[in-house]
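Here is the structure we will look at.
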Amino acid sequence: MSENTGDLLQPLEKQQPISTGSEWTFELIHRYDEEIAKCAAEFGLDTYPNQIEVISAEQMMDAYSSVGMPVGYHHWSFGKQFLNTSKRYQRGQMGLAYEIVINSNPCIAYLMEENTLPMQALVIAHASYGHNSFFKGNYLFRTWTDASAIIDYLVFARRYVAECEERHGVDAVEQVLDSCHALMNYGVDRYKRPAPISAAEEQRRQKEREEYLQRQLNDLWRTIPRKEEIDAEHKRRKKRYPLEPQENILYFIEKNAPLLETWQREIIRIVRKLAQYFYPQRQTQVMNEGWATFWHYTLLHRMYEKGLVNDGFMLEFLQSHTAVVYQPPFNSPWYSGINPYTLGFSIFSDLRRMCENPTAEDREWFPDVAGSNWLETLHFAMHNFKDESFILQFLSPKVMRDLKLFAVGNDDDDDFYRITAIHDDSGYRKLREKLARQYNLSYREPNIQVWNVDIRGDRSLTLRHIPVDGVPLGNDTEEVLRHVHRLWGFDVHLESVDDGELVEDYHCPPKQPVADE
Amino acid sequence: MGMTHIVDRRLNGKNKSAVNRERFLRRYREHIKRAVADAVQKRSITDIERGESISIPSRDISEPIFHHGQGGHREVVHPGNQEYVAGDTIPKPPGGTGRGQGGSQPNPDGEGMDEFAFQITQEEFLDFLFDDLELPYLARKSLKDVESWKYVRAGFTNQGIPAKLDVVRSLRGAHARRLSLGGARRRKIKTLETELEALRAAPAEQDPAFSHDDQIRALEDEILRLKGNLRRIPWIDEIDLRYRQHARLPQPATSAVMFCLMDVSGSMTQMHKDIAKRFFILLYLFLKKNYKKIEVVFIRHHTSAKEVDEEEFFYSRETGGTIVSSALKLMHRIITERYPPGEWNIYAAQASDGDNWNDDSPICSKLLAEKILPLVQYYAYVEITPQDHQMLWHEYEKLLPLHPRSFAIQQIADPAEIFPVFRQLFERKAA
């Protein structure tokens, strides 16, 4: 029995093309969506209901600048983003055509009015069925985000921030937001599942929280102990606070910073919640784009097989598709790293190939995949992985060869780069590990955690950085520490500790050099 | 299927980012102001009225985050290998041990550029340009010397003429008054009526002192009395009447006229005129921001003065001597004929290289002091010369202490000074 596409799908009867021109109408978008939905159902794509919004180019720029939030609080950084986007768009350096899709229920996708009909169909297939099914199916999204609550939460956040601005002034709020944004990547729980966010719940609990929090804080910073007590305490146990290092720095500050006012804690919380909402997206870029690209490709080909679209349509569609998955080589002036669309699309397509037409190499490398039911295998991959583990699990020698991947080592002490692995027998495994690691967020971002608070002393906060492979912190570090200091309200220290040895330390306010007597 | 909802959002506002954009401009106000001031000096004369591309050093607007620095050991996977095999080494480019913070780091904000560049509109350009500047003593003029008034609604009052009676308001007040005055009685009536009902339903108890019928009668009387009371509450009363109130607000004159006076005698070169022109343009734009309607009068003079159009004003050449007072006389005549000071805010800027017939200069300052300064908001004299001041300047100088609010003189030697001088002339003065 051969596992062929045809077996899974309804027998074909050729139909008339839905349309032949390239101008779209709402009527036609409806028709295309209907047919794409039918095809998606044939492949078992499970999606949230769709909401497709047709918008103008200017509105698309608005959407771009609010980092994918359909409703956002006001902040200058979004304005900066907007200025940048509109400038690049006007100069023609950037097409806007692609898509923006919101992980919400219903799943909101934006279509630009300038798009031709084939482009609209591509975006619908890509966003409303590809991304949408990914949001609904992938374990990270299922665990960490609540698609049905996000819009309400955003509305709540926007209103709360606006109220704060009214009460405390735009500048005061902006300062807190600036500091929170600087630490946004350190405002997520990586391992612990957070409570899903819901606006109604947030509002209900917000008052409660205000009271509790203050009480708790008073506990922590209770009366200053007498000198003897401190010494005794120190001798008895040299305990740190917190007992275990805390990875969620914003959370720690929200709950423990001595001087923050309640509204400031609430704003930290809002930024934290948003960071958490976006966290799965940051970990599944390759998979998410690869999955969506694989499905726009597969769904529109299915439409073509059914006769619902004609050759002209396919020609235009394929041209856009090719542009999307183009990977410039490392020495091209257009090279800016690995294109996540290309990598993801290649892996998913190759998974299907391995299922349908396995080679001896595939059977050796992927005994479980080779010859299996491709739809089940792809869905399994989509459901249970993130970029790092997905690449580690499914990047095949063939894809490495096709993309001609190679790894370059750069040691600070050497005056040369060394090619450490290429797409050959001895290199595949190394390449795969190295590439997978590149997508590990905790490798991409410095590992910095809350290490200690001097509760009984000067209330200073100490963060600890554990370098990986001797890579030091970048030149923004002092600047970010100023933000930590602003939130914490007392001295802040940051120590880079490599293998138990202090290699670098930062302080805010900066340490005065001790003058010699 | 069928679950898709398609929405046309195009009619929704497109300026969702306007507030954020405004926040950005606000935050980088100082940067932008500097860039705008630079731009004014560089721009050509005809071209002041458009937006501007502003550049801010990227590092000033970066949003810092913790990230890896250079150094240590790292490995990166790239696509598109052509010739390398494992173990190959490639020498690092000289000077690039990887340390240092060279500008080659790709930057998501500026596409690897060191500058963050963006456009501001003409409106914003002018806002930044004239930030901190104020029309000289405009407030004084508009509040004290107002000549025209405007009536605006100012709520309601309980006194007025019948023509201004507001029927709806009055009736509403009456209704409320009736409700509040009658409320207690109506409640009382209600209770009594229930009591009465109960009493009637109850079996007649024999109470010799207060018989059943008497009790009923007493209640009925009381109810009747209360109802009579209720009826006596007037349906509408004097105190219910409300009249629309209007307040007389001073209506500052919204038109301004700007007089441009320029010496076009042989000693004025094209360079002088260009500087003068830029100065006039600044003044014009500045007034335009503050008045709905502006008229411009161009007066050029050598030994005699003439009202001309803009083209002729700036570009025709003359020779000969200079009699400044001719222009002042003409200006005064035009004001009296066409621009009654009660209706117009009058501004004047006079540009000259300072040359004048010596006999004429005292006449000028006399004319100014007696005839012109009392009529105008502001009169600015700019002397375009790198040399020492001449007679006219010294004459004008004497007027300064007498008219500190409406008269100013400044010297410009170089195009770069136009804007600073302009600023100085119009700087917001502490009240």
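The values are calculated or read from the model by the stated rules, or taken from the named source; none is laboratory data. Everything numeric in this text was worked out from a predicted model, so none of it was measured. Don't worry about glycine lacking a Cβ; one is built from the backbone with ideal geometry, like all the others, and counts go over all protein chains shown.
Quick one: is B:Gly13 modelled with pLDDT under 75 and either closer than 30 Å to A:Ser336 by Cα or within 35 Å of the chain's Cα centre (by Cα) (or both)?
Working: modelled with pLDDT under 75: yes; either closer than 30 Å to A:Ser336 by Cα or within 35 Å of the chain's Cα centre (by Cα) (or both): yes.
Yes, satisfied.
Looking at segment B:382-400, can you tell me whether even one residue there is within 23 Å of the chain's Cα centre (by Cα) and assigned by TED's automatic domain parsing to the domain that holds B:Trp344? No, segment B:382-400 contains no residue that is within 23 Å of the chain's Cα centre (by Cα) and assigned by TED's automatic domain parsing to the domain that holds B:Trp344.
Tallying residues that are more than 11 Å from chain A (Cβ to nearest Cβ) and basic (Lys, Arg) within segment B:50-65 yields 1. Taking the conditions exactly as written (more than 7 Å from chain B (Cβ to nearest Cβ) and surrounded by fewer than 16 Cβ atoms within 10 Å (Cβ to Cβ)), does A:Glu364 satisfy them or not? Here the answer is yes, as A:Glu364 does meet what is asked. For segment A:39-64, a tally of residues being modelled with pLDDT of 95 or more, out of contact with any Cys (no Cβ under 8 Å at 6 or more places or on another chain) and either under 18 Å from A:Pro106 (Cα atoms) or in the same structural domain as A:His379 (by TED's automatic domain parsing) (or both) returns 4. Each residue in segment A:333-349 was checked for being buried (at least 21 other Cβ atoms within 10 Å of the Cβ) and either more than 24 Å from the chain's Cα centre (by Cα) or of a type in the set (Lys, Arg) (or both), and 0 of them qualify.
Go through the residues of segment A:234-244 one by one and say whether even a single one is closer than 24 Å to A:Leu435 by Cα and among the aromatic types (Phe, Trp, Tyr). No - not one qualifying residue is present in segment A:234-244.
Would you point out which residue out of A:Leu111, A:Leu140, A:Leu122 is touching a residue at least 60 places away in the same chain (Cβ under 8 Å), more than 14 Å from chain B (Cβ to nearest Cβ), surrounded by 18 or more Cβ atoms within 10 Å (Cβ to Cβ) and over 21 Å from the mean Cα position of the chain (by Cα)?
Values: A:Leu111 fails: more than 14 Å from chain B (Cβ to nearest Cβ); A:Leu140 fails: over 21 Å from the mean Cα position of the chain (by Cα).
Unique residue meeting the criteria: A:Leu122.
Yes or no: A:Ala162 modelled with pLDDT of 65 or more, crowded, with 17+ Cβ neighbours inside 10 Å and of a type outside the set (Asp, Glu)? Here the answer is no, as A:Ala162 does not meet what is asked.
Residues that are among the polar types (S, T, N, Q) number at least 3 in the following strands (runs of 3 or more DSSP E) confined to segment B:276-393: B:345-352.
Which residue is farthest from the chain's Cα centre (by Cα), if the candidates are limited to segment B:159-177 and must be among the charged types (D, E, K, R) and within 23 Å of B:Leu230 (Cα to Cα)?
So in segment B:159-177, the residues among the charged types (D, E, K, R) come out as B:164, B:166, B:169, B:172, B:177.
From the residues that got through so far, the ones that are within 23 Å of B:Leu230 (Cα to Cα) too are B:169, B:172, B:177.
Values: B:Arg169: 36, B:Arg172: 40, B:Arg177: 45 Å.
For segment B:159-177, the residue satisfying everything is B:Arg177.
Is it true that B:Phe419 is closer than 24 Å to B:Leu129 by Cα, crowded, with 18+ Cβ neighbours inside 10 Å and out of contact with any strand residue (DSSP E or B) (no Cβ under 9 Å at 6 or more places or on another chain)? So B:Phe419 fits the description; yes. Selection of segment A:27-63 for residues being assigned to a loop (DSSP other than H, G, I, E, B) and surrounded by 21 or more Cβ atoms within 10 Å (Cβ to Cβ) yields A:Leu45, A:Thr47.
Considering segment A:303-313 alone, what residues qualify as being of a type outside the set (Phe, Trp, Tyr), over 14 Å from A:His126 (Cβ atoms) and in contact (Cβ under 8 Å) with a residue 40 or more places away in the chain? Spell out the reasoning first.
Initially, segment A:303-313 is screened for residues of a type outside the set (Phe, Trp, Tyr), giving A:303, A:305-312.
Those left that are additionally over 14 Å from A:His126 (Cβ atoms): A:305-312.
Scanning segment A:303-313 gives A:Glu305, A:Lys306, A:Gly307, A:Leu308, A:Val309, A:Asn310, A:Gly312.
Of all residues in segment B:235-274, count the ones that are closer than 30 Å to B:Lys190 by Cα and without any contact (Cβ under 8 Å) to a residue 60 or more places away in the chain. Write out each step before concluding.
Taking segment B:235-274 as the starting set, the residues that turn out to be closer than 30 Å to B:Lys190 by Cα are B:235-240.
Remaining after also requiring without any contact (Cβ under 8 Å) to a residue 60 or more places away in the chain: B:238.
The qualifying residues number 1.
Beta carbons closer than 6 Å, at least 6 apart along the sequence or on distinct chains, pair a first residue in segment A:418-441 that is more than 8 Å from chain B (Cβ to nearest Cβ) with a second that is among the polar types (S, T, N, Q) for A:Leu441/A:Gln283. Restricting attention to segment A:380-414, the residues being surrounded by fewer than 17 Cβ atoms within 10 Å (Cβ to Cβ) and free of Cβ contacts under 8 Å to residues at least 12 places away in the same chain number 3.
Only residues that are under 12 Å from B:Ile418 (Cβ atoms) and β-branched (Val, Ile, Thr) were counted in segment B:265-283, giving 2.
From A:Ala149, A:Ala157, A:Ala127, which residue is under 18 Å from A:Val71 (Cβ atoms) and crowded, with 24+ Cβ neighbours inside 10 Å?
Working: A:Ala149 fails: crowded, with 24+ Cβ neighbours inside 10 Å; A:Ala127 fails: under 18 Å from A:Val71 (Cβ atoms).
Just one listed residue meets the conditions, A:Ala157.
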